[in-house]
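The values are calculated or read from the model by the stated rules, or taken from the named source; none is laboratory data. Just so it is clear, the structure is predicted and the values come from calculations on it, not from any experiment. Cβ: placed from backbone, ideal geometry, glycine included. Neighbour counts: every protein chain shown.
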2 protein chains.
Amino acid sequence: MTGAGADGGPASTGAGRPLAVLVAPDSFKGSLTSVDVARALAAGWARARPADDLRLAPLADGGEGTLVAIEAAGGWGWRTAPAHDPLGRPIEARWLASADGRHAVVELAAASGLSRLAAGERDPLNASTFGTGEVLRAVLDAGIRRIDLGVGGSATTDGGLGVLAALGLAMTVEPGLEVYLDDLDPRLPEVDLRVASDVANPLLGRTGAAAVYGPQKGATAVDVRSLDGALGRWADALEAATGRRERETPGAGAAGGTVFGLACLRDRFRSFAVVPGVELVMDAAGFGAKLAGADLVLTGEGRIDAQTAFGKTALGVARRAAAAGVRCVAVGGGVEPDGAAALAALGALAVPVAEGPQSVEEAMAAGTAPLERCGERLARLVSLGMGFPG
Amino acid sequence: MTGAGADGGPASTGAGRPLAVLVAPDSFKGSLTSVDVARALAAGWARARPADDLRLAPLADGGEGTLVAIEAAGGWGWRTAPAHDPLGRPIEARWLASADGRHAVVELAAASGLSRLAAGERDPLNASTFGTGEVLRAVLDAGIRRIDLGVGGSATTDGGLGVLAALGLAMTVEPGLEVYLDDLDPRLPEVDLRVASDVANPLLGRTGAAAVYGPQKGATAVDVRSLDGALGRWADALEAATGRRERETPGAGAAGGTVFGLACLRDRFRSFAVVPGVELVMDAAGFGAKLAGADLVLTGEGRIDAQTAFGKTALGVARRAAAAGVRCVAVGGGVEPDGAAALAALGALAVPVAEGPQSVEEAMAAGTAPLERCGERLARLVSLGMGFPG
């Protein structure tokens, strides 16, 4: 028997050798950013095991919060670009450059997001992605050719027309819409572009950009029909000019069709790919390298439930951890048996943050303190196990 | 780095050497008995670590449930004694005899408890502890002289008059109450009696048996005054006959003054002691010996909160575990920081059973499944720690 009394018992700090712990949660939607969650779990863990090597790699899905999460992982610096918001007002938009100045991450929402507009300003018929194109141009001006673009949170349904216009695409509108590619930015053939998107919608029709995402950007039923028609005319012109057919490509409807517009130019880039948001974030955060050196990865999301089995962040982390032979614990504000089982099938353990009966509203208003305590408990339980000689 | 993938990861079973785990929770008041809680935690733990040596020592506070908890710990057999309930109706009352036939545990509530009465039958002026005296006599008839008596849950406020009458005390009531001890059971001087009680109330007055506990036994304000007067006359007579002064003794008011009555006879027993309920239960359950051989003790109670610091079961277990150098984890349906801190000061770790936002009613109606999952999670986290080489 191990004498817990001799070393102060399971509440003692720093049991066993120092562990390398990678803290890679998603946000707790509606209450805490992934950066908040990661910092809280790490702070609690460090209270119990201050000698451990804690590395943060907060995750995101490519939507708003993506840049903040990547920056928190380290190795990135903030840059700003003069640009225009969805309504054409001048702004400064933030983007990230890697420390070696060779890789950029751009968030469409930084210039073209709904968060740029007050509630009464939503204007789905006119909102433009031009500003995002300006940011991309600034990235090129900085000499960077490897660009990751997260497209969540857009205020726009312009099919990417604004982005492409900022990159040099020209148009005539009479007698019909025609598109000219001769003046496209000459640096595009040097660019490796990855777009993060988790939606599978095509550009047009009942499951298209206007019908599915228009209403949350302020579109009425009449607006949706008008937008869908305009996107169709834009698709006719752009596909004719590029010789590509991308309107039915799964995900073409993402970000109001921005992915359609970029996909039509796929042959003009050095490389072009659409990847799941969390994969892009993991790569930008150096997740793979950090995971390879870790003893344990802590992930988590607001709810670990039946949806977890269908690819939410925790499952993606658990899958990578299993492939790398690294143990994985996933914390959830709430944990349901279905979600825990999906993780257990990958060898990962789901642990609830909840500390007792309370309402959803109370749980969401509780801030980071329960997460800190959860991180501390986990560290103490791991220490407890490490204290038993094999 | 340990290759979790190689052995199936943290979800694999039986990591490390087998552990000896003592499972010693209190009841979750209002929802689960301590036996339910212990079995559920052990069942969940065994799912994750089937090779471990799990021993149950469910706890209780000396009140109702005490016998069931002790029996579940093993080494005891049920006996029954013909007796009378608080209203004088014939019943069979259960008690426990140790396997060696030398030690008995009696629960006052078995014959004289409120649980013997329907709601409309409560009769505080007449309810008698006579039946408990009959059970004690049956224990003596069985040749047993070491007796532990739990006194919680009584329906009575008779100052122990019934118990003592069953044991041979005689009275005259005219012209005044007088008590005669000549015919007391001649075997009492061979008896080692321990009474389990957690209350500090004296027999009489504003903090006495009638005033504090009478109302929950059905006493009106008028009844309380009447009962307090009757207890005073009884105390005058019994103290005069025994030459003792016990009315102010802390705890004399327990079980409607039964502890007062027995305490007045303290010189007539071979030994007499009043001990905290959980201490008596721990002893009867062989807690000390089981703890000495354990790697880890799991305890718990319905809520781990500020009250935990004032001697609820989990703290008692944590204290004994610390003294024995055994690691301790306490689970609680709800865990509040104050309670967790009180346990942490003893080196014990508080872990919530809660799995997400829910109401107190939902939590209490959830049955044993969440406890099983909690036990399994704890075992997996300990296994995870054991998987890290020192």
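Quick notes
- Residue satisfying all of: in the range A:323-345; surrounded by fewer than 21 Cβ atoms within 10 Å (Cβ to Cβ) and either under 20 Å from A:L291 (Cβ atoms) or hydrophobic (A, V, I, L, M, F, W, C) (or both); farthest from the other protein chains (Cβ to nearest Cβ) among these: A:A341
- The residues listed here are B:E355, B:E279; of these, the one that is acidic (D, E) and modelled with pLDDT under 90 is B:E279.
- Inter-residue pairs, beta-carbon under 6 Å, first at pLDDT 95 or above and in the range A:164-179, second of a type in the set (D, E), 6+ apart: A:A166/A:E134; A:L167/A:D185; A:G168/A:D183; A:G168/A:D185; A:A170/A:D183
- A count restricted to the range B:47-73 and to residues that are touching a residue at least 60 places away in the same chain (Cβ under 8 Å) and of a type outside the set (S, T, Y) stands at 17.
- The listed residue being in contact with a strand residue (DSSP E or B) (Cβ under 9 Å, 6 or more places away or on another chain), at pLDDT 95 or above, on the phi < 0 side of the Ramachandran plot and not in a loop (DSSP other than H, G, I, E, B), out of A:A138, A:A127: A:A138
- When each of B:D61, B:D52 is tested for being acidic (D, E), buried (at least 17 other Cβ atoms within 10 Å of the Cβ) and touching a strand residue (DSSP E or B) at 6+ places or on another chain (Cβ under 7 Å), the lone residue that passes is B:D52.
- Residue within the range A:104-123 that is at positive phi and in a loop (DSSP other than H, G, I, E, B) present: no
- Sole residue being farther than 30 Å from B:R39 by Cα and modelled with pLDDT under 95, chosen from B:A200, B:A235: B:A200
- Summed over the range A:270-307, the residues that are touching a residue at least 40 places away in the same chain (Cβ under 8 Å) and within 14 Å of chain B (Cβ to nearest Cβ) give a count of 13.
- Complete set of residues in the range A:273-299 that are in contact with an Asp or Glu (Cβ under 7 Å, 6 or more places away or on another chain) and crowded, with 20+ Cβ neighbours inside 10 Å: A:G277, A:V278, A:L280, A:A284
- Scope the range B:350-370; condition out of contact with any Gly (no Cβ under 7 Å at 6 or more places or on another chain), of a type in the set (A, V, I, L, M) and more than 7 Å from chain A (Cβ to nearest Cβ); matching residues: B:A365, B:A366, B:A369
- Filter result for B:T207 (crowded, with 17+ Cβ neighbours inside 10 Å and β-branched (V, I, T)): no
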